[in-house]
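The values are calculated or read from the model by the stated rules, or taken from the named source; none is laboratory data. In this text, all values refer to a predicted model and were calculated from it rather than measured experimentally. Neighbour counts run over all protein chains shown; Cβ positions are idealised from the backbone, glycine included. Ligands, DNA and RNA are excluded from the accessible area calculation, which covers all protein heavy atoms including side chains. Shrake-Rupley method; radii C 1.70, N 1.55, O 1.52, S 1.80 Å.
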Amino acid sequence: MSTSCPPYAPFLGFAGVASAVIFSTLGAAYGTSKAGIGISGMGTLRPDLIMKSLIPVVMAGIIAVYGLVVSVLIIGGLSPDDPYSLYAGFIHLAAGLSCGLTGLAAGHAIGIVGDACARAYMFQSRIFVAMVLMLIFAEVIGLYGLIVALILNTRAGEGACY
Amino acid sequence: MSSKLEQREQQQEQEQQEDNGDMGSVLTKLAIFTAAMVVLPIGSYFLSRDYYFGPKNTTPPGIIAATMANIVLVAFIWVALKEDREDAKREKLKKKQ
């Protein structure tokens, strides 16, 4: 086989697909569960505040959607018929890892912030605006990984086989 | 004395009925937002990639998918705030009575 399109190159591409969705859903699951603990604790005393406190859970779900979008994006570039260069394999791996691990970090942040702010919202209603701001900044961490993955993925077609 | 107890029991039953009546709307909202979160981002990605941006140009469809997910989030926040305002109005009316 050619040196720049070795047969093991698709392994890296598929590893990128898997890591994008695996790590981002790990982060989203942690965020959902940690925020859910705080919400259910708060909900026993103030059930009227539950709908507003579910915002961290929705934001953790969006982190998983970012990972899903990146993995679908990378899958679209994999095909058994076209030659697949090692360059493209590394790009896809980098895209998957960047989106996945930033999603893991963002989900972690959303979980802890959601838990603490749900409990604090019970006592002080002005925490709500601060909670939304903190959650937006935590979400943007995952968005940066998505942007880097998108930019990387546009250059995957540049590799040629020698 | 017994009439007061009966009154309190009636009030508690009414409140329980109201809470259980809300369960239908909560489940409806859950179903709508779950469906929206699942279908809208990926659906908009594939639709915009296949019918508008061409099969190889994948960056704008990715941006559209991320934007749709955030739109669903904004819609959820809006619905939660609206429900909160309605609950506050209802409580004010109850207190006036």
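Consider segment A:72-81 and keep the residues that are within 7 Å of chain B (Cβ to nearest Cβ) and surrounded by fewer than 22 Cβ atoms within 10 Å (Cβ to Cβ). The one that is nearest to the chain's Cα centre (by Cα) is A:VAL72. Restricting segment A:27-56 to residues that are outside any helix (DSSP H, G or I) and touching a residue at least 12 places away in the same chain (Cβ under 8 Å) leaves a set whose member that is farthest from the other protein chains (Cβ to nearest Cβ) is A:LEU45. Just one of (1) among the aliphatic types (A, V, I, L, M); (2) open to solvent by 20 Å² or more (accessible area, probe 1.4 Å); (3) assigned to a helix (DSSP H, G or I) fails for A:VAL69. It is (2).
Here are A:SER19, A:SER79, A:SER24: which of them is modelled with pLDDT under 95 and either in a loop (DSSP other than H, G, I, E, B) or among the small types (Gly, Ala, Ser) (or both)? Exactly one of A:SER19, A:SER79, A:SER24 is modelled with pLDDT under 95 and either in a loop (DSSP other than H, G, I, E, B) or among the small types (Gly, Ala, Ser) (or both), namely A:SER79.
Here is a check on your reading of the model: is B:LYS29 in contact (Cβ under 8 Å) with a residue 40 or more places away in the chain, open to solvent by 40 Å² or more (accessible area, probe 1.4 Å) and at the interface with chain A (Cβ under 9 Å from one of its Cβ atoms)? Outline the logic, then answer.
Working: in contact (Cβ under 8 Å) with a residue 40 or more places away in the chain: yes; open to solvent by 40 Å² or more (accessible area, probe 1.4 Å): yes; at the interface with chain A (Cβ under 9 Å from one of its Cβ atoms): yes.
In short, yes.
Residues in segment A:138-162 that are within 14 Å of another protein chain (Cβ to nearest Cβ) and either open to solvent by 30 Å² or more (accessible area, probe 1.4 Å) or part of a loop (DSSP other than H, G, I, E, B) (or both): 12 in all. Every condition in (1) open to solvent by 10 Å² or more (accessible area, probe 1.4 Å); (2) within 13 Å of the chain's Cα centre (by Cα) is met by A:ALA60 except one, and the failing one is (1).
How many residues are in a helix (DSSP H, G or I) and within 14 Å of chain B (Cβ to nearest Cβ) if we restrict to segment A:82-106? Going through segment A:82-106 one residue at a time, the tally reaches 10. Taking segment B:53-72 as the range and being modelled with pLDDT under 90 and more than 10 Å from every other protein chain (Cβ to nearest Cβ) as the test, the residues that pass are B:PHE53, B:GLY54.
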